[in-house]
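The next block holds one structure in the form of structure tokens; read it before the comments.
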Amino acid sequence: MEPYVTSANLEVKTAEWLERIRPFNTHAMALNPPASALLVVDMQRFFLDESSPTFTCGGLPILPNIRRLLDAFRQAGRPVIFTQHVHHPDHMDSGIMGWWWEGMCLEGSPESEIHADIAPLPEEKVIQKHRYSAFYNTDLETVLRVLKIEDLVIAGVMTNMCCESSARDAYYRDYRVFLPADGSGSINEEMHLASLLNIAFGFAYVTTTGALVKQVSGG
């Protein structure tokens, strides 16, 4: 199956997606850099390796944009938080997900590692989660509260699964949420676009990597 987006057409596709969701993407917000953090969701080898049963083709083209976001937030001295979706080798935490999905990403495995192009710095927080939302049974909310975060940028994979679930949970907790359409990806365009519509309508402002980089950099 051909990927729905590539590095060559990502910019054009993003313009198309933003136009499609424009009637519902009405909660335009400007990022408040001193109260912002970047959440990079599940950019692991398990999802980015073409041989994986859960290969997410939309994840590879967005790697450079996530790198841009990382560089901008780091240079601005703003927090960067990563998530890893993993399960215990004995599947004691798998539950319904153990039979819902083909293959599991195991703790400590090479596949669980975040892609080398965007590897976390030693001092950056990495949250291990066992369900879609980055908030569910993790310490993410505690970390954000202690850091006095108000604006949360969510990027990564999959748009329609862990990114959207995390955006919903962030919204429920009164965070202002931003999601770059060109900094998130899924397994096909239908799911990606459907999720952008959902997110824009009810949970976050869907924007671009360039706009967020400019704002966090004070441009």
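The values are calculated or read from the model by the stated rules, or taken from the named source; none is laboratory data. All values derive from a computational prediction rather than experimental measurement. Quick reminder, even Gly has a Cβ in these numbers, built from the backbone with ideal geometry, and neighbours come from all protein chains shown.
Here are some notes:
- Number of residues in segment 9-57 that are within 27 Å of Glu113 (Cβ to Cβ) and either hydrophobic (A, V, I, L, M, F, W, C) or within 18 Å of the chain's Cα centre (by Cα) (or both) equals 19.
- Of residues in segment 37-64 being surrounded by fewer than 23 Cβ atoms within 10 Å (Cβ to Cβ) and among the polar types (S, T, N, Q), the one farthest from Lys148 (Cα to Cα): Ser51
- Among the candidates Ala72, Ala15, residue that is small (Gly, Ala, Ser), at pLDDT 95 or above and buried (at least 17 other Cβ atoms within 10 Å of the Cβ): Ala72
- Among the residues making up segment 52-75, a single one is basic (Lys, Arg) and either assigned to a loop (DSSP other than H, G, I, E, B) or in contact with a strand residue (DSSP E or B) (Cβ under 7 Å, 6 or more places away or on another chain) (or both): Arg74.
- Qualifying strands (runs of 3 or more DSSP E) (wholly inside segment 119-219; at least 1 residues being among the charged types (D, E, K, R) and under 19 Å from Gln84 (Cβ atoms)): 125-129
- When we screen Lys129, Lys148 for residues that are surrounded by 13 or more Cβ atoms within 10 Å (Cβ to Cβ) and charged (D, E, K, R), the only hit is Lys129.
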